[in-house]
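Chemist: Got a structure for you, questions after.
The values are calculated or read from the model by the stated rules, or taken from the named source; none is laboratory data. Model, not experiment: these values are computed from the prediction. Every residue, glycine as well, gets a Cβ built from its backbone with ideal geometry; the counts of neighbours run over all protein chains shown.
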Amino acid sequence: MLKVALREVSQVHSLSALNMRVCRVSVFATHVIAQVVLLGAIIPSPSWGQDVTRAEDLVKQLEVRPEPGQKIPTRGIGIRATNADQGRASFNTIQFEYDSDLLTQDSTAQLIELGRALTDERLAGESFVIEGHADAHGDDHYNKKLSYRRAMTVKEFLVRESGVAEQRLQAVGYGEERPKTDDPYDPVNRRVDVVNVKAVQ
């Protein structure tokens, strides 16, 4: 009888210890989950922003289509675009560190989409000019050099990361020569444009 009683007490003690361990694990898990939720609220996971232009839309922008009834020339003569913006894509989403040609981390998403567009079969035979532009803040000569270096950075990224053939891309820096708005100091003028060579022939 005594042995039975001792066995039951031992079982109760074991169950109690097990319950305590389960409770500790449960409290710890709750604490971890709370930390994860808190961190998620403070540091959002990276994602393609709404301002990023997708590859499919870029292909449509960068294609140069002849006007209705116009024959596509086979050599020496370019196709006149049906509107001024055809064959051109302009990016304020490709950004650089201050006074530098180093890309910001947020620019990667847009450059990946641009690389996908340039390697799309619909643009595979085309060549492009990568234009660096600046606003009117600072010295004009310095801005022109900086905008060229930034255009070269974009070119190098597309060649290295997206596999775009180097001979298809030409980098130029215009500095503040070609503002996009009437206000030469407008930040919108700090941009990278990609232009289909056919659109400027």
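Chemist: Residue by residue through segment 168-189, note down the ones that are surrounded by 15 or more Cβ atoms within 10 Å (Cβ to Cβ) and closer than 17 Å to Thr53 by Cβ.
Modeler: If the condition is that a residue be surrounded by 15 or more Cβ atoms within 10 Å (Cβ to Cβ) and closer than 17 Å to Thr53 by Cβ, then Lys180 is the only one that fits.
Chemist: Next up: Give me the pairs, please: first residue somewhere in segment 149-161 and closer than 13 Å to Tyr174 by Cβ, second residue anywhere and small (Gly, Ala, Ser), beta-carbon distance under 6 Å, and either six or more positions apart or on two chains.
Modeler: Hits for this filter: Arg150/Gly132; Ala151/Gly132; Ala151/Ala171; Ala151/Gly173.
Chemist: While we're here: For residues that are under 16 Å from Val192 (Cα atoms) and touching a Lys or Arg at 6+ places or on another chain (Cβ under 9 Å), scanning just segment 110-126, find the one that is surrounded by the fewest Cβ atoms within 10 Å (Cβ to Cβ). I'd like the intermediate steps shown before the answer.
Modeler: Narrowing segment 110-126 to residues under 16 Å from Val192 (Cα atoms): 110-115, 117-118.
Now narrow it down to the ones that are touching a Lys or Arg at 6+ places or on another chain (Cβ under 9 Å): 113, 117-118.
Numbers: Glu113: 21, Ala117: 26, Leu118: 23.
Ranking the qualifying residues of segment 110-126, first place goes to Glu113.
Chemist: Is it fair to say Asn143 is surrounded by 20 or more Cβ atoms within 10 Å (Cβ to Cβ), closer than 20 Å to Leu58 by Cα and of a type in the set (S, T, N, Q)? Spell out how you get there, then give the answer.
Modeler: Numbers: surrounded by 20 or more Cβ atoms within 10 Å (Cβ to Cβ): yes; closer than 20 Å to Leu58 by Cα: no; of a type in the set (S, T, N, Q): yes.
Spelling it out, it is not the case that Asn143 is surrounded by 20 or more Cβ atoms within 10 Å (Cβ to Cβ), closer than 20 Å to Leu58 by Cα and of a type in the set (S, T, N, Q).
Chemist: Right, something else. Filtering segment 92-109 down to residues that are farther than 16 Å from Glu156 by Cα and touching a helix residue (DSSP H, G or I) at 6+ places or on another chain (Cβ under 8 Å), which residue is surrounded by the most Cβ atoms within 10 Å (Cβ to Cβ)?
Modeler: Applying the filter and picking the extreme gives Thr93.
Chemist: What residue, among those in segment 190-201 that are over 19 Å from Glu121 (Cα atoms) and hydrophobic (A, V, I, L, M, F, W, C), is surrounded by the most Cβ atoms within 10 Å (Cβ to Cβ)?
Modeler: Here the answer is Val192.
Chemist: Can I ask one more? Name the residues in segment 42-101 that are closer than 19 Å to Val129 by Cα, more than 12 Å from the chain's Cα centre (by Cα), at pLDDT 65 or above and part of a loop (DSSP other than H, G, I, E, B), would you?
Modeler: Glu63, Val64, Arg65, Asp85, Gln86, Gly87, Asp101
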